[in-house]
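The structure under discussion appears below in the form of structure tokens.
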Amino acid sequence: MQWNIPNILTLLRLLAAPGVVLMFLYFSRPYADWFALILFVLAAVTDFVDGYLARAWKQESKFGAMLDPIADKAMVVIALVVITGFSGMNPWILLPATIIIFREVFVSGLREFLGDTAGTLKVTNLAKWKTTAQMVAIAFLFAKGAFEHFIIEQTIGMDQATVDGILDGTIEDVVGLGWKNFGWDFSWYGGIILLWVAAVLTFITGLDYLRKAMPYLKGAK
């Protein structure tokens with residue numbers, strides 16, 4: 001075990017995964033959403049930084065290679081569970097989240113079964129794009145939760161006609177409801193599209209790993 005900066009960053013990313021849950025346990029919304037978003041984005045940035053530093057400083061290690069995918073999977077899976085929960089089990093989120101979580105568990109099981117031959121399941125460029133799409137989608141959906149709760153808080157006591165009037169410009173928008181509603185729309189639709197893109201890439205890469213593992217699953221030498 002080598003305690004260099006890249007490995008420390010990877011470990012911090014792993015610890016940040018359950019930290020997302022703690023944001024919702026100790027803070028009220030929408031602040032929990034914003035704090036979770038900031039924590040998640042900072043952790044996601046370390047995913048690029050630790051790998052870059054490890055290569056640049058020639059500090060790549062088996063410990064880092066082992067911990068890095070675990071940290072990525074923990075971040076994605078825990079964040080998706082949280083988002084699925086506060087979205088009310090919305091099927092547009094639940095289905096792609098299920099595909100992603102199932103694939104991560106399945107591929108981890110394949111790697112464990114293959115043992116010393118798990119090197120046949122090397123991370124591909126498509127898998128890296130998959131991880132990027134997952135993390136960006138999750139960031140968007142955390143932002144959506146924050147915008148949603150700001151809108152709810154600021155429309156308490158307003159009837160629907162007043163809200164509609166503010167949004168269509170016939171009533172003065174003194175609370176910034178317009179840009180918050182735009183933020184909600186942008187983060188919701190952007191997050192959903194990216195989450196489905198990530199789910200498709202996740203499914204494709206999962207099939208690719210299964211194809212590569214089939215000779216070993218059949219008992220071939």
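The values are calculated or read from the model by the stated rules, or taken from the named source; none is laboratory data. This is a predicted model, so every value here is computed, not measured. Note: ideal-geometry Cβ built from the backbone for every residue, glycine included; neighbour counts use all protein chains shown. Accessible surface is based on the protein model in full, side chains and every heavy atom, while ligands, DNA and RNA are left aside. Shrake-Rupley method; radii C 1.70, N 1.55, O 1.52, S 1.80 Å.
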Worksheet item: How high is the FRET efficiency from L25 to D164, r the C-beta distance, R0 41 Å, rounded to 0.05?
Response: 0.70
Worksheet entry | Electrostatic dipole magnitude of the range 36-121 [Cβ: Lys, Arg +1; Asp, Glu -1; Cα centre; debye, to 20] | 60 debye
Item to complete: Any chance you could give the angle, 0 to 90 degrees and rounded to 10, that helix 31-56 forms with the longest Cα principal axis of the chain?
Response: 30 degrees
Worksheet item: What value, in deg cm²/dmol to 500, does the helix sum -39500 (n - 2.57) over DSSP H runs of n ≥ 4 give at 222 nm once divided by the residues of the chain?
Response: -28500 deg cm²/dmol
Item to complete: Mind grabbing the accessible area of F106 for me, 1.4 Å probe, Å², rounded to tens?
Response: 80 Å²
Worksheet item: Hey, rough spin-label estimate for T124 and I171, points 7 angstrom out along Cα→Cβ, what's it come to in nanometres?
Response: 5.3 nm
Item to complete: Consider a paramagnetic label point 7 Å from the Cα of D208 along Cα→Cβ; state which residues of the range 131-146 have an amide N under 16 Å from it.
Response: 131-134
Worksheet, complete the sentence: Checked the range 11-52 with the C-alpha gyration tensor, a ≥ b ≥ c its square-rooted eigenvalues, rounded below a/c of 1.5, otherwise prolate if a/b is larger than b/c and oblate if not; verdict oblate
Response to the item:
Once K218, K128, K73, K62 are ranked on solvent-accessible area with the largest value leading and a 1.4 Å probe, the list reads K62, K218, K128, K73
Worksheet item: Using a Cα distance threshold of under 17 Å, what count of lysine pairs results for the chain when pairs must be 8 or more residues apart or interchain?
Response: 8
Fill in: Carbon + sulfur, % of accessible area of the chain - ligands and nucleic acids excluded, 1.4 Å
70 percent
Worksheet item: Accessible area of S108, 1.4 Å probe, to the nearest 10 Å²?
Response: 50 Å²
Worksheet item: Averaged per residue, what accessible surface does the range 90-211 expose to a 1.4 Å probe, in Å²?
Response: 54 Å²
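Assuming 0.36 nm per residue, please report the length gained on full extension of the stretch I8 to V45 beyond their Cα-Cα distance. If you can, show how the numbers build up before the last one.
Details: separation 37, 0.36 × 37 = 13.32 nm, distance 1.37 nm.
In short, 11.9 nm is gained.
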Discussion item. Students often get this wrong, so try it: which of [x] 1.20; [y] 1.35; [z] 1.11 is Cα Rg over 2.2 N^0.38 Å as calculated from the structure shown?
Written reply: [x]
Worksheet item: Leaving out ligands, DNA and RNA but keeping every protein chain, what accessible area does I171 have, in Å² rounded to the nearest 10, with a 1.4 Å probe?
Response: 70 Å²
Worksheet item: Each label point is 7 Å from the Cα along the Cα-to-Cβ direction; what then is the distance between the points at L217 and I152, in nm?
Response: 4.2 nm
